[in-house]
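Report on the following structure.
The values are calculated or read from the model by the stated rules, or taken from the named source; none is laboratory data. Everything quoted here is computed from the prediction, not taken from an experiment. Quick reminder, even Gly has a Cβ in these numbers, built from the backbone with ideal geometry, and neighbours come from all protein chains shown. Accessible surface is based on the protein model in full, side chains and every heavy atom, while ligands, DNA and RNA are left aside. Shrake-Rupley method; radii C 1.70, N 1.55, O 1.52, S 1.80 Å.
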Amino acid sequence: MTLSTFGAAVKFDSYQSLRNWICEADRPIEIQDFVFPEVIAGDCSDLVGKYQNALEPHRGERGIHGPFFGLDLSNPDRAIRAVIQERFLKGLEIAESLSATHMVIHSPFTYWHLLNHRNYPDVLGLMFSAAADCLEPVLKRAAETGCTLMLENIDDTDPATRVELVRQIDHPNLKISIDTGHADLAHGRYQAPPVNDFIAAAAGHLGHVHLQDVDGYADRHWHPGEGRISWQPLLDALEGLEETPRLILEVRHHPERLPATVRWLEGLGRSD
């Protein structure tokens with residue numbers, strides 16, 4: 001495949017400051033204002049309206065980052081899963097209002113699960129069942145609105161576990177997301193496989209990538225090139241896939257540097 005256009009994760013202010021750069025190249029964006037509990041649980045109409053006006057010149061692909069704080073989609077308590085479903089469905093409502101066609105959600109799998117899968121042999125099966133139950137009405141609604149849920153690695157140390165969950169659920173509106181920094185952090189702190197192995201494990205199911213750099217110690221969300229990730233092999237691995245995932249730079253600081261960062265990545269991604 002050819003690498004897709006590099007896009008950016010934005011909040012309203014950073015979108016406004018980068019709007020010309022984004023819109024001139026029809027870059028994909030991922031709107032991240034709605035992840036916070038106090039936002040997603042409240043009246044979002046004013047913020048949605050502001051975005052609808054500001055997005056008028058934007059012709060690229062759009063997505064949102066769904067809510068995630070405290071929302072373990074494999075929670076064993078059905079009553080708590082009902083609240084999680086409510087939050088995800090609200091996210092899909094917002095996505096539809098903004099013509100967004102992907103929503104990122106977080107993986108529930110952690111290092112504990114890897115260490116204890118033999119000590120507690122039923123845990124993963126129970127998590128899979130709970131996650132499938134939680135996502136059933138959400139995926140039904142996602143299909144109706146044309147939105148794909150992207151299941152992102154957070155504390156995952158086994159690249160294959162959430163891929164297996166996606167395979168078992170087997171729904172066209174559920175795909176894998178890889179956060180490059182989270183994968184490298186797990187590699188550095190928990191001896192997980194390196195980032196390229198996360199890409200290889202997701203082949204055939206990868207719909208979305210958060211591009212960010214780290215130092216192997218904490219979740220820095222630095223610009224690519226500022227940390228320790230080897231970006232040329234990573235881009236080569238993405239280019240070797242049959243699918244074309246959305247590529248979203250998700251940096252925490254200095255959004256004004258994104259045009260320069262993207263030029264650097266585009267230079268790495270060019271074939272001779």
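Per-residue answers, yes or no, for (1) among the hydrophobic types (A, V, I, L, M, F, W, C); (2) at pLDDT below 95; (3) more than 22 Å from Arg252 (Cα to Cα); (4) within 21 Å of the chain's Cα centre (by Cα):
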{"site": "Gly7", "(1), (2), (3), (4)": "no, no, no, yes"}
{"site": "Ser14", "(1), (2), (3), (4)": "no, no, no, yes"}
{"site": "Arg19", "(1), (2), (3), (4)": "no, no, no, no"}
{"site": "Ile22", "(1), (2), (3), (4)": "yes, no, no, yes"}
{"site": "Arg27", "(1), (2), (3), (4)": "no, no, no, yes"}
{"site": "Asp43", "(1), (2), (3), (4)": "no, no, yes, no"}
{"site": "Asp46", "(1), (2), (3), (4)": "no, no, yes, no"}
{"site": "Arg62", "(1), (2), (3), (4)": "no, no, no, yes"}
{"site": "His65", "(1), (2), (3), (4)": "no, no, no, yes"}
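Number of residues in segment 159-197 that are in a helix (DSSP H, G or I), aliphatic (A, V, I, L, M) and more than 17 Å from Leu149 (Cβ to Cβ): the value is 5.
For segment 202-218, the tally of residues that are out of contact with any strand residue (DSSP E or B) (no Cβ under 9 Å at 6 or more places or on another chain) and either under 20 Å from Gly7 (Cβ atoms) or outside any loop (DSSP other than H, G, I, E, B) (or both) stands at 0.
Between His106, His113, His117, His102, the distinction of being under 20 Å from Tyr190 (Cα atoms) and in contact with a Gly (Cβ under 9 Å, 6 or more places away or on another chain) belongs to His106 only. Only a single criterion out of (1) surrounded by 14 or more Cβ atoms within 10 Å (Cβ to Cβ); (2) in a loop (DSSP other than H, G, I, E, B); (3) charged (D, E, K, R) is not satisfied by Glu242, namely (1).
Inside segment 245-267, can you point out the residues that are in a helix (DSSP H, G or I), open to solvent by 40 Å² or more (accessible area, probe 1.4 Å) and not small (Gly, Ala, Ser)? Pro255, Glu256, Arg257, Arg263, Trp264, Glu266, listed by residue number.
In segment 49-70, which residue that is in a loop (DSSP other than H, G, I, E, B) and open to solvent by less than 30 Å² (accessible area, probe 1.4 Å) is farthest from Cys23 (Cα to Cα)? Don't jump to the end; show me each part of the working.
Just the residues of segment 49-70 that are in a loop (DSSP other than H, G, I, E, B), to begin with: 55-61, 66-70.
With open to solvent by less than 30 Å² (accessible area, probe 1.4 Å) added as a condition, the list becomes 55, 58, 60, 66-67.
Numbers: Leu55: 9, His58: 5, Gly60: 7, Gly66: 23, Pro67: 26 Å.
Among those that are in a loop (DSSP other than H, G, I, E, B) and open to solvent by less than 30 Å² (accessible area, probe 1.4 Å), it is Pro67.
So, in segment 111-139, of the ones that are free of Cβ contacts under 8 Å to residues at least 12 places away in the same chain and either assigned to a loop (DSSP other than H, G, I, E, B) or touching a strand residue (DSSP E or B) at 6+ places or on another chain (Cβ under 8 Å) (or both), which residue ends up most open to solvent (accessible area, probe 1.4 Å)? Per the criteria, the residue is Arg118. Could you tell me how many of the residues in segment 1-42 are closer than 23 Å to Leu235 by Cβ, β-branched (Val, Ile, Thr) and not in a strand (DSSP E or B)? Qualifying residue count for the region: 3.
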